[in-house]
């Protein structure tokens with residue numbers, strides 16, 4: 001794994017410590033399992049959808065939790081009785097029944113708006129909602145400040 005030198009960012013960007021922490025979090029999430037597979041789709045300007053292949057899991061087996069800028073999706077199958085497992089004999093077992101936890105780093109002001117399951121896929125809808133206080137605003141240029149300084 002390569003080490004990334006972020007010092008040029010500190011000279012050019014104000015508040016790049018937030019960027020550095022996001023990069024560190026992304027490096028930590030690289031060690032995550034690749035199961036289950038997922039897609040991230042852009043639905044509109046500020047709307048997204050995560051689709052995860054969760055074949056074999058029911059709605060009761062899946063927990064979705066959003067905390068700060070992290071979305072966590074967990075799948076936990078209930079323990080099967082030994083008699084039920086012993087009675088089944090597989091010639092090939094390609095559908096995984098293992099538990100999983102998948103975490104996603106969300107951008108600022110991205111909120112989970114809903115989730116649904118259909119055809120073995122879990123769909124999680126997200127939307128970026130920027131508060132009015134954070135939206136760009138036009139600043140009028142005036143001469144009042146300069147006039148006050150000249151009076152001194």
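Values quoted throughout were computed directly from the atomic coordinates according to the rules given, and no laboratory measurement underlies them. Predicted model only: the values in this text are computed from it and were never measured. No Cβ is skipped: glycine too gets one built from the backbone with ideal geometry, and neighbour counts run over all protein chains shown.
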Check: Which order do peptides 50-61, 93-104 fall in by mean Cβ count within 10 Å, highest first?
Finding: 50-61, 93-104
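At a Förster distance of 25 Å, what's the computed FRET efficiency of residue 119 paired with residue 68, Cβ-Cβ distance as r, to 0.05?
Using R0 = 25 Å, I get an efficiency of 0.20.
Starting from the Cα-Cα distance between residue 90 and residue 141, subtract it from 0.36 nm times their residue separation and give me the gain in nm to one decimal. Walk me through the numbers on the way to the answer.
Numbers: separation 51, 0.36 × 51 = 18.36 nm, distance 7.52 nm.
Full-extension gain reported as 10.8 nm.
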Item checked: Stretchable slack from residue 34 to residue 103, in nm (0.36 nm times residue separation minus alpha-carbon distance) -> 23.7 nm
